[in-house]
There are 2 protein chains.
Amino acid sequence: MPVTLKEIARDLGVPIVTVSKVLRNHEDISRKTRDLVLKRTRELSYRPNLTARSLVTGCSSLVGLLIPDLLHPFFAEVARSFAAKLREQGLYLLICSSEGDPELESQQLEHLLSRRLDAIAVASVGADEDDLQTVANSGTPLVLLDRQVPIANAHFVGVNDLRVGQLATEHLISIGCKRIAHLRGPANAVGEKRFEGYKRAQERRHPVPPRVRYRGFRQGHREQGFRR
Amino acid sequence: MPVTLKEIARDLGVPIVTVSKVLRNHEDISRKTRDLVLKRTRELSYRPNLTARSLVTGCSSLVGLLIPDLLHPFFAEVARSFAAKLREQGLYLLICSSEGDPELESQQLEHLLSRRLDAIAVASVGADEDDLQTVANSGTPLVLLDRQVPIANAHFVGVNDLRVGQLATEHLISIGCKRIAHLRGPANAVGEKRFEGYKRAQERRHPVPPRVRYRGFRQGHREQGFRR
DNA sequence: CTGAAAGCGCTTACAG
DNA sequence: CTGAAAGCGCTTACAG
């Protein structure tokens with residue numbers, strides 16, 4: 001149903017490749033041919049078939065993003081700014097939510113791999129490390145967001161949680177707080193690092209105060225996987 | 001880099017089409033060949049190239065969703081449940097956010113069209129009606145979410161706002177409220193309909209009480225476009 | 001049940 | 001500057 005290069009080429013009596021070149025702003029086309037082609041593509045409101053283009057170029061202009069929950073403001077914010085940055089490069093986001101379900105997460109990663117995406121980003125998930133390694137091995141660039149996992153060949157973008165804990169504690173010290181407690185969430189790397197920062201700041205005080213530490217969530221908490 | 005049907009076929013000395021059939025559970029393949037193929041695809045952890053499949057079948061298994069803002073809980077909720085329903089059918093969501101920018105919105109729709117999606121859903125946007133009509137004309141099924149616009153050939157899923165206004169008002173009446181006001185948002189169809197419902201419920205009372213109506217947002221409010 | 005042929009819509013070399 | 005050829009990885013008919 002949609003218009004193809006072939007039809008435009010036939011209409012104009014030129015080879016397909018010429019039309020293709022015009023549309024990708026190739027230099028080596030005469031001004032006359034160029035104008036003719038552009039006119040016709042406009043008349044028919046031609047839209048290149050990105051699927052076909054992907055197949056031959058090997059680039060889908062699509063980046064996968066796997067997050068545990070779209071409704072969680074943190075991940076929604078990540079998705080939003082990620083999409084905005086990618087858009088500047090002509091890339092689009094294929095967002096998958098795992099709903100916190102490890103089984104689903106594996107499936108989604110398999111699916112993303114089948115789509116031959118330009119890259120796959122995985123945000124802070126209780127993702128199976130083998131699954132992540134599979135992605136990294138597939139040749140599709142893998143970016144880990146927020147939660148660092150030891151995967152060969154993966155990139156990482158996240159928060160310096162140690163620094164965060166330290167800054168927060170130093171702030172409290174600077175405004176005159178004396179007895180400072182560390183109230184934390186589940187037992188994951190995020191909490192560990194922030195606690196490290198808390199300790200570091202506390203240990204610089206004279207005399208060093210006792211550590212006070214509370215845990216907000218049980219370790220086995222259902223939502224542990226995607227609470228920061 | 002990734003494994004292809006061709007390689008598997010070559011390894012096994014069978015034609016490509018046989019491998020393809022096995023993977024799609026075609027009946028007319030001998031048990032022996034079938035097992036051989038499955039074994040080899042597993043060994044190589046073959047993943048079908050969905051781009052290639054899309055090109056030939058004409059189905060991308062991808063549905064576009066255009067929303068004004070991912071961070072708005074209403075649209076995040078829409079995206080989430082939509083994705084969940086689609087997943088049951090083996091469909092995936094390509095989410096685009098227009099950031100409330102009409103220009104960007106046009107571009108995104110053009111892009112979605114180029115991807116030859118199986119369907120495009122547009123949620124409650126100040127979308128240009130011409131753009132929407134373009135989508136509808138393209139042959140890609142169009143679904144309007146939440147906000148109804150008179151587009152030929154478009155489907156619509158949304159809230160019965162008149163009924164909502166009526167139900168809310170009737171509830172207040174039933175618990176004994178006497179003087180009931182209608183406090184509303186911007187001057188769009190949603191508010192109008194709810195006000196209709198409010199009126200309808202009020203007019204059934206004896207004696208009919210006076211209407212009391214407040215507007216929460218100025219008509220020209222920046223966010224009018226995507227506040228319900 | 002097996003297999004050779006054609007084609008999806010495009011792009012990448014490479015020859016004139 | 002123009003154009004014929006090959007191919008991306010797969011599936012759909014259709015002949016044996």
### Query
Can you tell me how many residues in segment B:102-141 are touching a strand residue (DSSP E or B) at 6+ places or on another chain (Cβ under 9 Å) and closer than 22 Å to B:Lys193 by Cβ?
7
### Task
Would you confirm whether any residue within segment B:93-106 is of a type in the set (A, V, I, L, M) and more than 10 Å from chain A (Cβ to nearest Cβ)?
no
### Message
Quick check on B:Arg47: is it loosely packed, with under 14 Cβ neighbours inside 10 Å, near DNA strand D (Cβ under 8 Å from one of its atoms), within 28 Å of B:Arg116 (Cα to Cα) and within 35 Å of the chain's Cα centre (by Cα)?
### Response
no
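Would you mention how many residues in segment B:28-65 are polar (S, T, N, Q) and more than 20 Å from A:Leu93 (Cα to Cα)? Before the answer, list the steps.
Let us first name the residues in segment B:28-65 that are polar (S, T, N, Q), namely B:30, B:33, B:41, B:45, B:49, B:51, B:54, B:57, B:60-61.
Keeping just the survivors that are more than 20 Å from A:Leu93 (Cα to Cα) gives B:30, B:33, B:41, B:45, B:57.
Final tally of qualifying residues: 5.
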### Message
It is to be established whether one or more residues within segment A:130-146 are in contact with an Asp or Glu (Cβ under 8 Å, 6 or more places away or on another chain), closer than 23 Å to B:Glu77 by Cβ and not hydroxyl-bearing (Ser, Thr, Tyr).
### Response
no
### Task
Could you grab me the full set of residues in segment A:48-92 that are within 18 Å of B:Arg87 (Cβ to Cβ), touching a helix residue (DSSP H, G or I) at 6+ places or on another chain (Cβ under 7 Å) and at the interface with chain B (Cβ under 7 Å from one of its Cβ atoms)?
A:Leu70, A:Leu71
### Message
Among the listed residues A:Asp35, A:Asp118, A:Asp28, identify the single one that is out of contact with any Gly (no Cβ under 8 Å at 6 or more places or on another chain), away from DNA strand C (no atom under 15 Å from the Cβ) and more than 9 Å from every other protein chain (Cβ to nearest Cβ).
### Response
A:Asp35
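Conditions (1) at pLDDT 90 or above; (2) more than 22 Å from B:Ala52 (Cα to Cα), marked per residue:
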| residue | (1), (2) |
| --- | --- |
| B:Arg115 | yes, no |
| B:Asp118 | yes, no |
| B:Gly126 | no, yes |
| B:Thr134 | yes, yes |
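From the set of residues in segment B:1-17 that are within 37 Å of the chain's Cα centre (by Cα) and within 17 Å of B:Leu44 (Cα to Cα), which is farthest from DNA strand C (Cβ to nearest atom)? Walk me through how you get there before you give the answer.
First, the residues of segment B:1-17 that are within 37 Å of the chain's Cα centre (by Cα): B:1-6, B:16-17.
Filter again for within 17 Å of B:Leu44 (Cα to Cα), leaving B:1-6, B:16.
Working: B:Met1: 16, B:Pro2: 16, B:Val3: 18, B:Thr4: 12, B:Leu5: 11, B:Lys6: 11, B:Ile16: 7 Å.
Among residues in segment B:1-17 that are within 37 Å of the chain's Cα centre (by Cα) and within 17 Å of B:Leu44 (Cα to Cα), the one farthest from DNA strand C (Cβ to nearest atom) is B:Val3.
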### Task
Please work out which residue is nearest to DNA strand D (Cβ to nearest atom), limiting yourself to segment A:1-13 and to residues that are surrounded by 13 or more Cβ atoms within 10 Å (Cβ to Cβ) and within 14 Å of chain B (Cβ to nearest Cβ).
A:Leu5
### Message
Of the residues B:Arg194, B:Arg184, only one is modelled with pLDDT under 85 and more than 21 Å from B:Asp101 (Cα to Cα); which?
### Response
B:Arg184
### Query
How many residues does segment B:165-193 contain that are over 19 Å from B:Val149 (Cβ atoms) and touching a helix residue (DSSP H, G or I) at 6+ places or on another chain (Cβ under 6 Å)?
7
### Message
Just to be sure before I move on: is B:Ala79 more than 16 Å from DNA strand D (Cβ to nearest atom), within 33 Å of the chain's Cα centre (by Cα), under 30 Å from A:Asn137 (Cα atoms) and small (Gly, Ala, Ser) in the structure I sent?
### Response
no
### Summary
For segment B:127-177, the count of residues that are more than 16 Å from the chain's Cα centre (by Cα) and over 21 Å from A:Pro2 (Cβ atoms) equals 20
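If I filter segment B:14-22 for residues that are over 26 Å from B:Ala119 (Cα atoms), more than 11 Å from every other protein chain (Cβ to nearest Cβ) and in a loop (DSSP other than H, G, I, E, B), do I get at least one hit? First the steps, then the outcome.
So the first thing to find is which residues in segment B:14-22 are over 26 Å from B:Ala119 (Cα atoms), and the list is B:14-22.
Next cut, more than 11 Å from every other protein chain (Cβ to nearest Cβ) only: B:14-22.
So of that shortlist, the ones also in a loop (DSSP other than H, G, I, E, B) come out as B:14-15.
Yes, because at least one residue in segment B:14-22 is over 26 Å from B:Ala119 (Cα atoms), more than 11 Å from every other protein chain (Cβ to nearest Cβ) and in a loop (DSSP other than H, G, I, E, B).
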### Task
Look through A:Arg40, A:Arg31 and report the one residue that is free of Cβ contacts under 8 Å to residues at least 40 places away in the same chain and away from DNA strand D (no atom under 12 Å from the Cβ).
A:Arg40
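The values are calculated or read from the model by the stated rules, or taken from the named source; none is laboratory data. The shown structure was predicted, so the numbers you read here are calculated from the model rather than taken from an experiment. Neighbour counts are summed over all protein chains in view; Cβ atoms, including those assigned to glycine, are modelled from backbone coordinates with ideal geometry.
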